[in-house]
Amino acid sequence: MKKLFFAAVLLIASTMVFAQKGKVTSAISYKDAGKLDKAWETIKETLDPANPKSEKTLNWSGTWQARGEIIEAIILSKDENYKKLVENPVEEAYKSYMKAIELDEKGGSPALKIKLLTFSNTLINQAVEAYTALDYVKATDYFEKKLALDQTPMFKADAAIDTAIMYNTGLAAMNAKQYQKAIKYFTDCAKYGYNGGSSYAQMISAYQSLGDTVKSVEVMKEAFEKYPDDQSINVQLINYYIMSGQPNEAISYLDKAIAKEKENSSFYLAKGVALDKLGRQDDAVEVYKKAIEIKPDNADAYYNIGVIYFNRGVKQFDVANTVPTSDQVRYEAEKNKSDDQFKLAVPYLEKAVEYNPKDNYILEQLKNLYYRLKMMDKFEALNKK
């Protein structure tokens, strides 16, 4: 009798387990039939801790896989009512699949692996959709979840490093102003040689956004050594050295840049600025003229030459003012030297105004020159504009 009794108990318990697992199957059937509301209610019953019948399905990998599948179907549904069934569906689907992996006794069930590959694509699509909608925080999170799936034991051994997703994660993080996170992903991209100097350029921007100039320059130099032909890296170094008052270093990198792009007017313009800062104005004028030769409408180059001559005129005028008032002849001679420099500035400032007519600052400087040199016809004509 006892044996029969225990057998009956075991039979009842086994029946309960199959009944609950049958509910999981029913939930999937509802999902496949497009009845997502019923699928969701059914799968919730199998995972309700308050339901004594769910004891066996709570810790079954198949239940969590089914939950993930149902939520994924809700994510992809076109029916707005279904979309409201689950709050934070991407997060919930991800949690479900990760729990399924944790409980998977086979350590890599083929059926689960297939579903996870599908979910990886869903995560990527949701990340792109969030990025397009300018929700960069969500985009970063979804891309990261995809990368986390790649690192699970089920995929890690045979999955290739998805550097494209790493890069996109970094871009999303940059836009989300999560700069440390962006640095992590762009550093990984650089380690695997993905996207050439672009990964370094993004890393540099992230460090600059954090105000870490030292690290930014360190990465610039590392990038330049690794990708000497990437002009974007070279330009970043040039700009840094010019802005930080290190013209010699700027010139060094500018010469390398010019060697690769001899017809780039911007490099000659920048070199002229660096030479001017070193007090080498004659050399600066020649380099500015080269910039104009390449780009005849280079208003900045014309303006910078005009400023050099104008400043020389001002200095010479200061010299004239040191002459005693009693020595009028010498004063006039020194003042004429000043006017000669101002006259040299005029055609260059005129060209600067011609090619950049909306810059009122240059316009005012030219007016002042006309007035100083008593070129009243031109002064009046400019005043009428």
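Readers should treat all values here as calculations from the given coordinates under stated rules, not as data from a laboratory. As the structure is a prediction and not an experimental result, all values here were calculated from the model. All Cβ positions, even for glycine, are placed from backbone atoms using ideal geometry, and neighbour counts span all protein chains on display.
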- Name the shape class, rounded, prolate or oblate, that the alpha-carbon gyration tensor gives for the range 228-296, where a ≥ b ≥ c are the square roots of its eigenvalues, rounded holds for a/c under 1.5, and otherwise prolate holds if a/b is larger than b/c and oblate otherwise. oblate
- Report P(r) for the range 16-158: all Cα-Cα distances, bin width 5 Å, range 0 to the bin holding the largest distance, values in whole percent. 2, 10, 19, 22, 20, 15, 9, 3, 1, 0
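Test of understanding: what is the full-extension gain from LYS215 to ASN125, defined as 0.36 nm times their sequence separation minus their Cα-Cα distance?
Working: separation 90, 0.36 × 90 = 32.40 nm, distance 3.41 nm.
Residue separation times 0.36 nm, minus the Cα-Cα distance, leaves 29.0 nm.
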- Query: So for LYS358, LYS177, LYS145, fewest C-beta neighbours within 10 Å to most, what's the order?
  - Reply: LYS358, LYS177, LYS145
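Could you grab the relative contact order for the range 228-296? Cα pairs under 8 Å, six or more apart, rounded to a whole percent. If you can, show how the numbers build up before the last one.
Values: 69 pairs, mean separation 18.2, N = 69.
Over the range 228-296, the number comes to 26 percent.
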- Item | Coil-residue chymotrypsin sites (Phe, Trp or Tyr not before Pro) of the range 155-252, DSSP, other Cβ within 10 Å capped at 15 | TYR192
- For the chain, calculated [θ]222 nm from helices alone, where every DSSP H run of n ≥ 4 adds -39500 (n - 2.57): -25500 deg cm²/dmol
- Query: Among TYR82, GLN236, THR132, which residue has its Cα positioned farthest towards the positive end of the charge dipole of the chain, with +1 placed on the Cβ of Lys and Arg, -1 on the Cβ of Asp and Glu, and the dipole taken about the Cα centre?
  - Reply: TYR82
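At a threshold of 8 angstrom on Cα-Cα distance, excluding pairs fewer than six apart, so keeping six or more, what relative contact order does the chain reach in percent?
Numbers: 442 pairs, mean separation 23.5, N = 385.
Dividing the mean separation by the residue count of the chain yields 6 percent.
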- Cα coordinate range in the chain, projected on the principal axes (Å, largest first): 139, 46, 35
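Going by C-beta contacts inside 10 Å, put THR132, THR187, THR46 in order with the fewest on the left. List each step's numbers first, then the result.
Details: THR132 9, THR187 17, THR46 25.
Sorted ascending by nearby Cβ count, the order is THR132, THR187, THR46.
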- Message: Pick from LYS181, LYS106, LYS256 the residue whose mean-square fluctuation is largest in a GNM of the chain, springs joining Cα atoms under 10 Å.
- Response: LYS106
- How would you rank THR42, THR322, THR25, THR152, going from fewest to most other Cβ atoms within 10 Å of each one's own Cβ? THR322, THR25, THR152, THR42
- Note on the structure: Whole-Å distance linking the alpha carbon centroid of the range 326-385 with that of the range 252-310 is 22 Å
- Note on the structure: Counting as exposed only GluC sites (Glu not before Pro) in DSSP loop states with no more than 15 other Cβ atoms inside 10 Å, the longest exposed-site-free span of the chain is 106-260
- Query: For ALA148 and GLU261, what is the calculated FRET efficiency with R₀ set at 45 Å and r taken between the beta-carbons, to the nearest 0.05?
  - Reply: 0.60
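Please find the FRET efficiency linking SER252 to VAL323, where r is the Cβ-Cβ separation and R0 is fixed at 35 Å, and quote it to the nearest 0.05. Provide the component values of the computation, followed by the final result.
On the way: r = 43 Å, r/R0 = 1.22.
For SER252 and VAL323, the calculated efficiency is 0.25.
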